Each structure stands twice: as C-alpha cells, then as structure tokens.
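Note sheet for the following structure.
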Amino acid sequence: MANEQHDTPADGERTRGAGATDDDARGRPELELRADCSRCFGLCCVALPFAASSDFARDKRAGTPCHNLATDFRCGIHRRLRDEGYSGCTVYDCFGAGQQVSQVTFGGVDWRSAPESAGEMFEVFPVMRQLHELLRYVADGLGRPEAEPVHAGLRAARTRLEGLVGSDASTVLGTDVPALRGEINTLLVQVGDLVRAEVPGRTKNRRGADLFGARLAGADLRGASLRGACLIAADLQRADLRRTDLIGADLRDADLSGADLTGSVFLTQPQLNAARGDAATRLPPGLARPDHWKDGEASVAPAADGGGRSGAGPKRVRPRRGRPRRP
C-alpha cells in the first residue's frame, strides 16, 4: 500500500518535539516519522494483509505483494487508488518505519534482490511501525510546554525507543511491544491530562465512547478526552476540538468541515486522511490537509438511503474493518 509517496518528511514529523531544546538533540540523529516511499521497498504493499471491503478492492495475504506494486516498489495506480477501490491505502502511514527497515535494519538490500531475507523483513516491518508510532506520540508530548512535568520520562522513553528502532532485526522482533506500549501510555495519558487542564471549567470525558454517526456539529469539545473513541461518520462540522486528546480515535468518514483542531493532542495524519474536511478546517502545525478534502470525497461512503440513527438524515453504515491488522 501507499498513501502519499513522500520524498521528505514534513516539518514536525521527526523525533525531536517542537519544544525540545538543542541540548535534548545534541549528538542524536533525528529519525523520520513520516513515510518516505522513495526509500522504502514497498513493505506496506507486501508485508501487511488486507480484506476486501469498502477500503480495499480485494483480499491480500500477508507477505504477498499487492498486484499493483511495480518493479521499482512504487504503486502502479497511486493517482487512482480511490477510484480503483483502495481508499484504505490512501489513509495509511507507516510513520517512517518503511524506510527505517529498508535502509537501516536491512542495510538497503531489498527483498527481491535477497529473497532469503524477505520473511524476516516482513515480520520486522509491522513491529517497527508500532515503535515509530510510539515515537511520534512521544515527540508530540515533548513539544508541549504544558507537559513539562513528564518531559524527563518522555525523553527516557524516546532514548529507549530510538535504541530499539536502530537495532538489528532479531532485537526488534524480540521486543514486547504491548508491555512497552503500556508503559509509555502511562506517560501519554499524563500529557493529555496536562494539556486538557489548560481549558477552564469541567471538560468532557468520552474516552472509548461509541459516537458512531453522532451529531456533534458545533459542539464545544475543548479539552475533551476522546481517546480511543469511535467517531466513524460523526458530524463534527464546526466543532471546537482545541486541546482535545484524540489518540486512537477512529475518525473514518467523520466530517471535520470547519472544525478547529488546533492544539489537539496526538492527532495523526492517518486520522485526518480517513476523515472529511474542507478549507475551513483548522489543523495543528505539521499536519497536511488531505487532497481528497478539496472535492469533499469521503474515505468511506455512506449508504444511499434509509433513516439516520435518530430518525433523520442519511443512514450511516458501520464500514467493515478491512485495514491492515495491527500485530
């Protein structure tokens, strides 16, 4: 799979947080935390499985190259992915894990040239992707002045993660990712709470809430916790989402037109790519407005008829989860 075939990472997509000091970064190379497909061996197009659904036109087994993958490891239908039924590819981002595995872990030797390494390379990639995702969140926390009380813990976590992603394949595969994620999540929860605490008054806690198709147009959600919330097809037009914790929130087909997301915590490019929005949607620095927002195209189309959840409006159908499965 391939989303945008990036040549360079965007600003703010490196391990050094926006608020990090020169002392923090001295002697430490910065890791790219956004996909650079020009330096990857098409790993997301081979290593990951996907199921025929509204996101993917056909099934594909893990370790099997997508039939659209070209000999140069580029996507043969990159400009037509949505038209060809592969919208799931357009919302995916490996957070730079693809080029890390390709160029560092396996030293720039691709799986076609060295087929004996293919199996291990494909096993390493999804693990590396999770480690890079954690680095992305840690970098976000380090860029938050409000989270200064946990910056020491975040810097220690960053050092540990960078050591892992720079290690050999066997070390990466031996990582207990669920345990590591649990440890780091304790810090990330504190980051979210500290940022949200800057909003005066009592804020909403909708952590893990089922808000599928919810009518939240114009809602004041400043400082809310929407961690892990299901916001598929939710109407968030003109909603105030400043300083909202959005880690793990499912924004597929959510309408963010005119919404204010500035200052939101742990929002990622894949979440935006899966949603809808427009020119009036306000985004945090370092995140790009998805191309499909220009024409209002949704990542998952709603059903054409039927009543809504509360008796009015178009019916929203829960999309079949056809995205690559997290290991």
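Based on the Cβ-Cβ distance of GLU84 and ALA217, what FRET efficiency does E = 1/(1 + (r/R0)^6) give at R0 = 35 Å, to the nearest 0.05?
Efficiency at R0 = 35 Å is approximately 0.60.
Taking the Cβ of GLY223 as the center, what net charge do the other residues with Cβ under 12 Å away carry, scoring Lys and Arg +1 and Asp and Glu -1?
Computed value for this residue: +1.
Rounded, prolate or oblate: which fits segment 106-157 when a ≥ b ≥ c are the square roots of the eigenvalues of the alpha-carbon gyration tensor, with rounded for a/c under 1.5 and prolate only if a/b beats b/c?
prolate
Label 7 Å along Cα→Cβ of ARG160; segment 179-195 residues with amide nitrogen under 16 Å?
Only 179-191 fall inside the zone, counting backbone N under 16 Å.
Could you tell me whether segment 149-193 comes out rounded, prolate or oblate from its Cα gyration tensor? Rule is a ≥ b ≥ c as square roots of the eigenvalues, rounded for a/c under 1.5, then prolate if a/b exceeds b/c, otherwise oblate.
The shape class here is oblate.
Which length gain, in nm to one decimal place, applies between ARG74 and ARG289 when the Cα-Cα distance is subtracted from 0.36 nm times their residue separation?
Gain in length upon complete extension: 75.1 nm.
What ranking do 245-254, 33-42 get when scored by the average of other Cβ atoms within 10 Å per residue, highest first?
Top of the packing list down: 245-254, 33-42.
For segment 118-185, what class follows from the C-alpha gyration tensor (a ≥ b ≥ c being the square roots of its eigenvalues): rounded when a/c is under 1.5, otherwise prolate if a/b is larger than b/c, else oblate?
prolate
Along its principal axes, what span do the Cα atoms of segment 214-273 show, with the longest given first and each in whole Å?
Per principal axis, max minus min of the Cα coordinates gives 21, 21, 16 Å.
What number comes out for accessible area per residue over segment 90-185 if the probe is 1.4 Å? Units Å², please.
36 Å²
The values are calculated or read from the model by the stated rules, or taken from the named source; none is laboratory data. Here the structure is a predicted model, which means the values were calculated and not measured. So basically every Cβ, Gly included, is an ideal-geometry build from the backbone, and we count neighbours across all protein chains shown. In case anyone asks, the SASA skips ligands and DNA or RNA and just uses the protein heavy atoms, side chains included. Shrake-Rupley method; radii C 1.70, N 1.55, O 1.52, S 1.80 Å.
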